[in-house]
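The values are calculated or read from the model by the stated rules, or taken from the named source; none is laboratory data. The shown structure was predicted, so the numbers you read here are calculated from the model rather than taken from an experiment. Cβ: placed from backbone, ideal geometry, glycine included. Neighbour counts: every protein chain shown. Side chains included, ligands, DNA and RNA excluded: accessible areas come from the protein's heavy atoms. Shrake-Rupley method; radii C 1.70, N 1.55, O 1.52, S 1.80 Å.
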Amino acid sequence: MSATVSIDRQGGTGIAPITRSGTVRDAVRDALRDLIIGGSLPPDVPLRQDELAARLNVSRTPLREALHALASEGLVTLDPRRGAMVSRPTPQQLLDLYQIREQLEVLAGRLAVAAARTEHVDDIAALNNRMAEVTDPVLWAALNQQFHTRLYEPCPNKELLNMIGALAERSKFYVRILVSSRPPADSALHEHHMMLAALRVRDGDAMETAIRNHLRSTVQQVSPALSSECP
């Protein structure tokens, strides 16, 4: 089942009702995550569960389950008095998350280098070229996650890939901030090219350097924006 987030003609983001096939909780979680990433649900504002449930055409049970799932990702805070709210991330949370990502992705990158095929690299290069034409932050974040997933796909350690995927979901909020300004987003695309170049020539050391530079650059670009939002 997929939940749809609609865009009205004035550019506002609305919520389309959930269609009932598959896991309702997961569809609600995905819809709310996209709204948070896109900035339509602002931080520190209580989420009215009755209103959200009505707009999504679901009961409160899968909605509560979805909010708990998003809380585990760090996107939602569950306050006993105020209820569920979109979290306001801090620079330290960004740094902590990306330090973990760096260690795991360096390992996955080295393993992927040993197993990658030329046609696989060509496919990812085409995806990166498509990203250069995208300005919508939600779509860009989704394509960015797809890029990293495909980059490490040849890695034979599937448990490692699952861990990286979970952290990438939690990173989408930060990627939205990155893509809100084109120069940092363009820089990210260039860093993607560096990783692809290392993969193409099967150079594990170059891949490690490119991954570290890319993730650290994201932290450097996004951290000031988080600092300015902190009360």
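Report the residue count in region 58-73 for those that are out of contact with any Lys or Arg (no Cβ under 7 Å at 6 or more places or on another chain) and part of a helix (DSSP H, G or I). Of the residues in that region, 8 qualify. Checked against (1) hydrophobic (A, V, I, L, M, F, W, C); (2) under 25 Å from residue 88 (Cβ atoms); (3) more than 19 Å from the chain's Cα centre (by Cα), residue 142 passes all but condition (3). Checking 63, 41, 35 one by one, the residue that is of a type in the set (A, V, I, L, M), at pLDDT 90 or above and open to solvent by less than 70 Å² (accessible area, probe 1.4 Å) is 63 and no other.
When restricted to residues that are within 23 Å of residue 141 (Cα to Cα) and either in contact with a His (Cβ under 6 Å, 6 or more places away or on another chain) or of a type in the set (Lys, Arg) (or both), region 30-70 contains 1.
Looking at (1) part of a helix (DSSP H, G or I); (2) among the hydrophobic types (A, V, I, L, M, F, W, C); (3) out of contact with any strand residue (DSSP E or B) (no Cβ under 9 Å at 6 or more places or on another chain), can you tell me which one residue 138 breaks? Only one criterion in (1) part of a helix (DSSP H, G or I); (2) among the hydrophobic types (A, V, I, L, M, F, W, C); (3) out of contact with any strand residue (DSSP E or B) (no Cβ under 9 Å at 6 or more places or on another chain) is unmet by residue 138, namely (3).
Which residue is modelled with the highest pLDDT, if the candidates are limited to region 78-102 and must be over 18 Å from the mean Cα position of the chain (by Cα) and surrounded by fewer than 18 Cβ atoms within 10 Å (Cβ to Cβ)? Only one residue fits best here, namely 78. Take the residues in region 164-190 that are small (Gly, Ala, Ser) and at pLDDT below 75, then tell me which one is least open to solvent (accessible area, probe 1.4 Å). By that ranking, first place goes to 181. Checking each residue in region 192-215 for being open to solvent by 80 Å² or more (accessible area, probe 1.4 Å) and assigned to a loop (DSSP other than H, G, I, E, B) picks out 201, 202.
Contact map, region 105-117: residues that are at pLDDT below 95 and of a type outside the set (Lys, Arg) paired with residues that are surrounded by fewer than 23 Cβ atoms within 10 Å (Cβ to Cβ) and not in a helix (DSSP H, G or I), Cβ distance under 6 Å, separation 6+ or inter-chain. Pairs shown: 115/154; 116/154. If you filter region 119-133 down to residues that are touching a residue at least 40 places away in the same chain (Cβ under 8 Å) and either in a loop (DSSP other than H, G, I, E, B) or touching a Lys or Arg at 6+ places or on another chain (Cβ under 7 Å) (or both), you find that the one that is surrounded by the fewest Cβ atoms within 10 Å (Cβ to Cβ) is 132. Going by the structure shown, is residue 78 hydrophobic (A, V, I, L, M, F, W, C) and part of a helix (DSSP H, G or I)? For residue 78, the condition - hydrophobic (A, V, I, L, M, F, W, C) and part of a helix (DSSP H, G or I) - is not met. Consider region 44-57 and keep the residues that are out of contact with any Lys or Arg (no Cβ under 7 Å at 6 or more places or on another chain), open to solvent by less than 80 Å² (accessible area, probe 1.4 Å) and without any contact (Cβ under 8 Å) to a residue 40 or more places away in the chain. The one that is farthest from residue 87 (Cα to Cα) is 54. For region 142-162, the count of residues that are of a type outside the set (Lys, Arg), open to solvent by less than 30 Å² (accessible area, probe 1.4 Å), in contact (Cβ under 8 Å) with a residue 60 or more places away in the chain and in a helix (DSSP H, G or I) is zero.
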